[in-house]
Amino acid sequence: MLTRVLGRIFKQDVATKIKRLKKKRNAVILAHNYQLPEVQDIADYRGDSLELSRIAAKTDAKVIVFCGVHFMAETASILCPDKKVIMPDINAGCPMANMITAADLRRIKKEHPKAVVIGYVNTSAEVKAELDVCCTSTNAVAVVNAFKDKEEIIFVPDKYLADYVSKRTGRKLISWNGFCPTHIKILPEDIKREKRFHPQAKVMVHPECLPAVVALADAVLSTSQMSRFAKETDAKEIIVGTENGVIYRLKKDNPGKEFYPASEAAVCPNMKRTTQEKILWALEELKDEVRVSETIRARARKPIDRMLEII
Ligand code: CIZ
Ligand code: SF4
């Protein structure tokens, strides 16, 4: 009991210090939807990677504390090179983004020289520099549909997102063997079991899930789309097939509704590396900075801008 009370006082103390230092540093704190509740609570803005990058590009703040994984902070740095982007834990990477290198992609491009090259936002800046256009899970279908005149389409690195987009657009995609180790932990049996427990519930899943899971869903959505769907649907219960951090936000924004994780295993360890203490240290020392070299930045910016023109 005493340790719990002391723990709470300590957290309040950390939160107060963060708020004070944030003003002094002219900083804004951005948290991805998969972050720990204590991080979401202290953040100025929560959202998916694109929403957060757009906020980063618009803010007057000089320092952006990016609570997410490395490629997201890089994307923010690509969009706003005059701001200092820092990560509270620089080791928070995305295994899916690390599954493809720029050299891998150059090899695929050589094999398909006429293909348009589409890459998921979950890629490094070096890989983005090789793309024609970027996409997110919110707009992947629209981006592919924008290239109806193209015979060949390369779509990297997530093979499951590629499978979903291919089924939705009717286009054959040249894909890569990447995947999200967290989303593939959600199994079709999990969805079936939760449906038995909650027969009235709607099922929403992320397109990074296994195709057999996607096939059982009522809606296949990115986290920003999940937020909207949860607000707008008449359903009072929703089974959620994505990284479980999103459920904290869904519950907070929709107090009259119930949300059930499809699987307790869907936890991304990288997303959970950031804590309030690390945010405080990052603000104290103004590090670790994420900066993309100017040559890569100029090339990586183009596919992001092209995506923003399409959607
Ligand atoms: O784009 C993002 O933020 C990711 C990786 C997931 C999502 O659907 O929000
Ligand atoms: Fe990468 Fe998957 Fe973690 Fe998202 S949930 S950061 S795609 S490993």
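Things to note:
- Relative intensity, log₁₀ I(q)/I(0), of the range 131-171 from a Debye sum that treats every alpha carbon as a point, q = 0.17, 0.19, 0.22 Å⁻¹: -0.38, -0.48, -0.66
- The listed peptides 84-97, 179-192, ordered by packing as a protection proxy, come out as 84-97, 179-192 (highest mean of other Cβ atoms within 10 Å first).
- The range 51-122 and the range 254-305 have their alpha-carbon centroids 11 Å apart.
- Rounded D (µm²/s) - the chain, Kirkwood Rh over Cα pairs, Stokes-Einstein at 25 °C, 0.890 mPa s: 122
- Using only side-chain charges placed at the Cβ, +1 for Lys and Arg and -1 for Asp and Glu, the dipole size of the chain relative to its Cα centre rounds to 500 debye.
- Computed from the Cα positions only, the extents of the range 169-225 along the three principal axes stand at 39, 22, 21 Å, in decreasing order.
- The chain - accessible surface per residue (Å², probe 1.4 Å): 46
- Between the residues L36, T16, I184, the greatest Cα displacement towards the positive end of the dipole of the chain, with unit charges on the Cβ of Lys, Arg, Asp and Glu, is found for T16.
- Value of [θ]222 nm, deg cm²/dmol, for the chain, DSSP H segments ≥ 4, -39500 (n - 2.57) each, nearest 500: -13000 deg cm²/dmol
- Bridgeable lysines around K24 (alpha carbons under 24 Å apart, same-chain partners fewer than 8 residues away excluded): K11, K58, K62, K83, K84, K278, K287.
- For E51, E284, E232, E194, the ranking by accessible surface with the largest value first comes to E232, E284, E51, E194, using a 1.4 Å probe.
- Point-charge dipole on Cβ atoms (K/R +1, D/E -1) for the range 97-180, about Cα centre, debye to 20: 200
- Interchain or long-range residues, amide H under 5 Å from G178's placed H: K159
- With the simple spin-label model, which puts each label point 7 Å out from Cα in the Cβ direction, the D41 to L286 separation comes to 3.0 nm.
- Alpha-carbon centroid distance for the pair the range 183-236 / the range 1-20, whole angstrom: 36
- For the range 58-145, the Cβ-based charge dipole about the Cα centre amounts to some 160 debye (Lys, Arg positive; Asp, Glu negative; other atoms uncharged).
- Considering only the chain, percent of DSSP beta bridges that pair antiparallel, nearest 5: 5
- P(r) tail for the range 97-180: Cα pairs beyond 18 Å make up 31% of the total.
- Debye intensity ratio in log₁₀ form over the Cα atoms of the range 183-261, taken at each q of 0.16, 0.20, 0.21 Å⁻¹: -0.49, -0.79, -0.87
- With θ taken as phi - 60° and the Karplus curve 6.51 cos²θ - 1.76 cosθ + 1.60 applied, the whole-hertz 3J(HN,Hα) list for the range 246-258 is 5, 5, 4, 5, 4, 5, 5, 7, 9, x, x, 10, 10 Hz, x standing for glycine and proline.
- Applying the Karplus relation 6.51 cos²θ - 1.76 cosθ + 1.60 with θ = phi - 60° to the range 151-162 yields 3J(HN,Hα) values of 6, 10, 10, 8, 9, 10, x, 8, 5, 7, 5, 4 Hz, where x marks Gly and Pro.
- For the range 29-34, putting each phi into the Karplus relation 6.51 cos²θ - 1.76 cosθ + 1.60 with θ = phi - 60° gives couplings of 9, 10, 10, 5, 4, 8 Hz, in residue order, rounded to whole numbers and with x for Gly and Pro.
- Protection proxy ranking, peptides 99-111, 54-66, average beta carbon neighbours within 10 Å, highest first: 54-66, 99-111
- Computed over protein heavy atoms with a 1.4 Å probe, the carbon and sulfur contribution to the accessible area of the range 82-207 reaches 50%.
The values are calculated or read from the model by the stated rules, or taken from the named source; none is laboratory data. In this text the structure is predicted, and so the values were computed from the model without any measurement. Backbone-built Cβ (ideal geometry, glycine too); neighbour counts: all protein chains shown. Ligands, DNA and RNA are stripped out before the accessible areas are found, and what is left, the full protein with its side chains, is counted by its heavy atoms. Shrake-Rupley method; radii C 1.70, N 1.55, O 1.52, S 1.80 Å.
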